[in-house]
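Participant: First the structure, then my questions, so here it is.
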Amino acid sequence: RLHRTMHRGVLGKTFRLVGYTIQYGCIAHCAFEYVGGVVMCSGPSMEPTIQNSDIVFAENLSRHFYGIQRGDIVIAKSPSDPKSNICKRVIGLEGDKIHTSSPSDFFKSHSY
């Protein structure tokens with residue numbers, strides 16, 4: 001009888017621990033998915049504002065309320081390495097014409 005009671009106590013604690021782990025895991029997932037998270041940006045294209053390998057907090061809420069505007073910094077998966085993130089400043093929106101005085105690597109960003 002004592003053995004059965006001890007067994008129930010251990011099982012109860014284990015199930016509670018698993019339940020709390022799942023609950024907090026779901027909360028953390030929602031926070032990182034919808035509120036924001038910590039991101040490491042790679043590449044020199046945003047220097048001097050953001051240095052290569054800088055760690056930044058990326059929030060996800062404002063784009064739902066305000067949309068993406070010129071001058072915003074956006075973070076995207078790198079097309080050449082999906083495991084890394086790239087940071088880009090928005091200089092134009094759909095329908096805008098961008099003029100430059102000299103050709104540069106600047107326009108390589110158009111495919112992002």
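The values are calculated or read from the model by the stated rules, or taken from the named source; none is laboratory data. A quick note: this is a predicted structure, and the numbers were derived from the prediction, not measured. Reconstructed Cβ throughout: ideal geometry from the backbone, glycine too, with neighbour counts over all protein chains shown. The protein model used for the area step is the full one, side chains on, heavy atoms only, and it has no ligands, DNA or RNA in it. Shrake-Rupley method; radii C 1.70, N 1.55, O 1.52, S 1.80 Å.
Participant: Testing V10 on (1) farther than 29 Å from I86 by Cβ; (2) aliphatic (A, V, I, L, M); (3) open to solvent by 100 Å² or more (accessible area, probe 1.4 Å), one condition comes back false. Which one is that?
Facilitator: (3)
Participant: Can you go through S45, S53, S102 and tell me which one is open to solvent by 40 Å² or more (accessible area, probe 1.4 Å), at pLDDT 80 or above and either assigned to a loop (DSSP other than H, G, I, E, B) or out of contact with any Cys (no Cβ under 7 Å at 6 or more places or on another chain) (or both)?
Facilitator: Exactly one residue qualifies, and that residue is S53.
Participant: Among the residues of the range 20-29, are any within 14 Å of the chain's Cα centre (by Cα) and either in contact (Cβ under 8 Å) with a residue 60 or more places away in the chain or at negative phi (or both)?
Facilitator: Our first condition is that a residue be within 14 Å of the chain's Cα centre (by Cα); within the range 20-29, this holds for 28-29.
Okay, now just the ones that are also either in contact (Cβ under 8 Å) with a residue 60 or more places away in the chain or at negative phi (or both), so 28-29.
Yes - at least one qualifying residue is present in the range 20-29.
Participant: Give the residues of the range 60-93 that are closer than 23 Å to F32 by Cβ and loosely packed, with under 10 Cβ neighbours inside 10 Å, sorted by residue number.
Facilitator: Selection gives H64, F65, Y66, G67, P79, P82, K83.
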